[in-house]
1. For residues that are more than 24 Å from Arg165 (Cα to Cα) and either without any contact (Cβ under 8 Å) to a residue 60 or more places away in the chain or under 20 Å from the mean Cα position of the chain (by Cα) (or both), tally how many sit in the range 185-207.
2. Has the range 247-265 got at least one residue that is touching a residue at least 12 places away in the same chain (Cβ under 8 Å) and either outside the structural domain of Ser309 (by TED's automatic domain parsing) or touching a Cys at 6+ places or on another chain (Cβ under 6 Å) (or both)?
3. Residues of the range 1-35 being surrounded by 12 or more Cβ atoms within 10 Å (Cβ to Cβ) and at pLDDT below 70, which ones?
4. So which residues in the range 193-219 are outside any loop (DSSP other than H, G, I, E, B), among the aliphatic types (A, V, I, L, M) and either modelled with pLDDT of 95 or more or more than 30 Å from Thr21 (Cβ to Cβ) (or both)?
5. Read through the list (1) touching an Asp or Glu at 6+ places or on another chain (Cβ under 8 Å); (2) modelled with pLDDT of 95 or more; (3) β-branched (Val, Ile, Thr), then give the number of the only condition that Val244 fails.
6. Filter the range 203-214 down to the residues that are crowded, with 17+ Cβ neighbours inside 10 Å and under 16 Å from Val156 (Cα atoms) and list them by number.
7. Would you mind stating whether Arg200 is surrounded by fewer than 21 Cβ atoms within 10 Å (Cβ to Cβ) and at positive phi?
8. Kindly evaluate Arg271 against the criterion of being within 21 Å of Asp164 (Cα to Cα), charged (D, E, K, R) and not in a helix (DSSP H, G or I).
Amino acid sequence: MALNMDQAVERIIAMRKQEDTAYRCADYLSLQNFNSKQVGECTTEKRPRRSSPSPLHMRLALDECIRFMDTLSMVPLKDIVDEPHSARSVISDFDTPCSKRSMMKKCKSTDSFSTVATVSTTEERTTRGQLRFWRGQMCTWSYTVVERFGIDRDAVAIAFSILDRYIAMDEEPDTITQEEFQLMSMTSLYMAAKVMSFSRNLPIDALVDMSRGYIHAEEVMAMEVKMLTALDWRLSPPTAMAFVREFLFLLPLSEIQRQDLIAVCLFLTERALMDSSLITCSPSSIAVAAILVGIYNYEGQDGPTIPTSALDGFEAKLAHHANIKMCSIAICKLLDRFDEVYQRQWAS
């Protein structure tokens, strides 16, 4: 156990350095990126664009995503829907525009994604709310895809690190169209799947089929090259769940307690990933907040609670080895937010 903790400390130090340097993400949804022009104001285009697909085409394309995945010989859809950590049960409701809430609920109940056209012409500027909504849609879609293809769910966190960092490099994120965002999202997942596993890659032909041919293989490969170049091939970010697994070595837990906490943290970190307001929040802070919620609410098979003394030791080790203060404002805010989500999900 001591050896595991020593190795975990070494990994934590390296991961903390990575998240503070190479994998830091700027807030591309900040107001300053959306105040230069009024919404809907015509502007000269600064990038070549295809015309936006019609609402009917987008509906058919997105419906095809679901139908295509349902034909795969993976876990039956009903089993995924019933799982507490499934892609369809972790749709984010953090900061979701009120006008979109009903659409998100409709997506969940009808087993299909919303197809409302959010960009009507190429002359309209994209709003922050639209980017948030598209990001939430594609995140939910990504969890469904990795579930169907048997890919590690952490691939979605890697994919959205790639996506967010790439978009953050764009000086005018309000010029990104819906189809461009879809292409970037799908390409990010395609890249992340290759990073996670060579044996369970996401076939590029599958992406083309799921887009009903609107996105072509050549476009995915071209976008992959652009993203790799822009990001200097930095494709292995430390994810929140990676931090969770390492941080738990700093706690004196039984294996049952460890697995119980991992289950809670998986749910909370996936919800956090879908929350666009947490794009700039460090994965380590998200991990600590998720673990604390799990500890404070713990009622597992291996004892009713986790001793307070263990929590005190955990706080000291985080401060010493990871330079993380459990009582920081950022973690306290996350803790309150996650606890509210936890209580809504599990409170009797």
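The values are calculated or read from the model by the stated rules, or taken from the named source; none is laboratory data. Remember, predicted model here, so these are calculated numbers, not experimental data. Virtual Cβ from ideal backbone geometry, glycine too; neighbours counted across all protein chains shown.
1. Result for the range 185-207: 3.
2. No, the range 247-265 has no match at all.
3. Those that are surrounded by 12 or more Cβ atoms within 10 Å (Cβ to Cβ) and at pLDDT below 70: Asn33, Phe34.
4. Ile204, Ala206, Leu207, Val208, Met210, Ala217
5. Evaluating Val244 over (1) touching an Asp or Glu at 6+ places or on another chain (Cβ under 8 Å); (2) modelled with pLDDT of 95 or more; (3) β-branched (Val, Ile, Thr) leaves (1) as the failure.
6. Passing the criteria: only Leu207.
7. It is false that Arg200 is surrounded by fewer than 21 Cβ atoms within 10 Å (Cβ to Cβ) and at positive phi.
8. no
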